[in-house]
Amino acid sequence: MDTFQIHVITWNVGSAQPPDDITSLLGLNVGDGNTDMYIIGLQEVNSMINKRLKDALFTDQWSEVCMERLSPFGYVLVTSQRMQGVLLLVFAKYFHLPFLRGVQTETTRTGLGGYWGNKGGVSARMSVFGHRLCFLNCHLPAHMENSDQRMEDFESILQQQQFEGQAATGVLDHDVVFWFGDLNFRINDLDMQVVKSAIDNNKYSALWEKDQLNMAKDSETVLEGFQEGPLKFPPTYKFDVGTDTYDTSGKKRKPAWTDRILWRMRATAPVGTAEKRGSLSGLTSGTKVTQHYYRSHMEFTVSDHKPVSSIFTLQFPYRVDVPLVTLMVEDEWNCVADATAKFRLAPNYSRSSWDWIGLYKVGFKHHKDYVGYVWAKQEDNDFQRLEQQVQVYTAVKSPDSSCLHPLIPQRCSSSLL
Ligand SMILES: O=P(O)(O)O[C@@H]1[C@H](O)[C@H](O)[C@@H](OP(=O)(O)O)[C@H](OP(=O)(O)O)[C@H]1O
């Protein structure tokens, strides 16, 4: 079995600007460097109209700060999706890029009866070494009395999010789904003093059975198969901004575990229906999921919510690890004429006129961060050839070849091959 480590973070950032240092949130200070992928789901990213215009032109501050911190460690933004304040960022180690395929994103608005994106869900799906993963970041409706509405909205997000292709059309068709966000579930019945005293005495188990999401698991079929680690951290909502003190405002919100990370594995195939390797119709890929941490981060005080993170290991029973395109770059490039690369295509690779090859600096942040590119055009007489040579240097003006990254072949703007 081969392992793949995923670090999931959810945080309702309450329209705040990012703090100066998010190192501890990303675990970069204590990490073993084994994280393969970061999945960062934010809610209430500032979406005031003037901010949105600026963000559309550049990138938002949260994406920027995550890229700044992660790119020196070799992580590249694979995809991102934003719906008003709901933002999903997917980072992976750059050397995994050739094996992340079929990247697609979806958004679903559920605010104002489905017309407004202040609430809803954004997701990203892809196959990772041949295994289908989906990441769904939701911001569900607020307030104690809206538990049923939260479940309805979750179901409607699942129904509406449909991806293209045969591999996995709905969120729950994926081998592993990670569902996280400000799910906004509250603690029923118990009054404020009881909840606060349980928190002060580290007696969280007394609160678990009154947690609305835990309660819903018994009755809601849509939650079947979803798993969650024990809530051994204090409720992450609602704090006075700038403090670790639960809400002292006039609203007097009862503390709650609004911010959650769950996962679901697709039902395993019945005995005797062993899946063919790489088959699209197989019932499961046999991937195993182990959760290592499920924790909050009390040190962050910019929002009225605390961030929550979890680290998972996925054990893949096999890896589809043959690249569709192999690039061969010989020697150093000392002049423009040297700047060529050969590429070889897998026999099953079907070419597109949108294929291009980019040149990146070491430490690049995302696929648009190239310093030059060429179209990987297919000439008529190339039809039978599996190996071709391209001049890749044409768009680069003042190269510093010591910091140029191996090339990454691209298709359109969304798949890295
Ligand atoms: O996305 P929107 O529409 O801004 O939704 C608001 C958001 O969920 C806030 O977290 C919530 O404040 P609390 O966390 O304090 O409950 C507020 O409730 P409010 O209307 O009671 O202020 C909601 O209206």
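No lab work stands behind these numbers, since they all come straight from the coordinates. Predicted, not measured: the structure shown is a model, and the values here were computed from it. Here the Cβ is made from the backbone with ideal geometry for all residues, glycine too, and neighbour counts use every protein chain on show.
Some values worked out for this structure:
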item	result
Computed lengthening from THR340 to TRP354, 0.36 nm per intervening residue step minus Cα-Cα distance	3.1 nm
Burial order of peptide ranges 346-357, 121-132 (average beta-carbon count within 10 Å, highest first)	121-132, 346-357
Mean Cβ neighbour count within 10 Å, used as a protection proxy, ranking 198-211, 73-86, 10-23 highest first	73-86, 10-23, 198-211
Spacing of the two label points (7 Å from each Cα toward its C-beta) at GLU209 and PHE226, in nm	2.2 nm
Karplus-derived HN-Hα couplings along the stretch 225-239 (A = 6.51, B = -1.76, C = 1.60, θ = phi - 60°), whole Hz, x at Gly and Pro	x, 6, 10, 9, x, x, 7, 9, 10, x, x, 9, 8, 10, 10
Over the stretch 2-316 - Rg/Rh using Cα atoms and the Kirkwood inverse-distance radius	0.95
Amide H contacts of VAL78 (H built 1.01 Å from N, under 5 Å, at least 5 apart or other chain)	VAL90, PHE91, ALA92
HN-Hα J in Hz across the stretch 241-254 - Karplus 6.51, -1.76, 1.60, θ = phi - 60°, x for Gly and Pro	4, x, 9, 10, 9, 5, 2, 10, 6, x, 5, 6, 5, 6
Hz values of 3J(HN,Hα) by residue in the stretch 342-349 - Karplus curve (6.51, -1.76, 1.60), Gly and Pro given as x	9, 9, 10, 9, 5, x, 8, 7
Percent RCO, i.e. relative contact order, over the stretch 1-151, from Cα pairs under 8 Å lying at least 6 residues apart	19 percent
Set of lysines with alpha-carbon distance to LYS93 below 18 Å, sequence-local pairs under 8 removed	LYS361, LYS365, LYS368
Built amide H within the under 5 Å cut-off of ASN118, gap 5+	GLY111
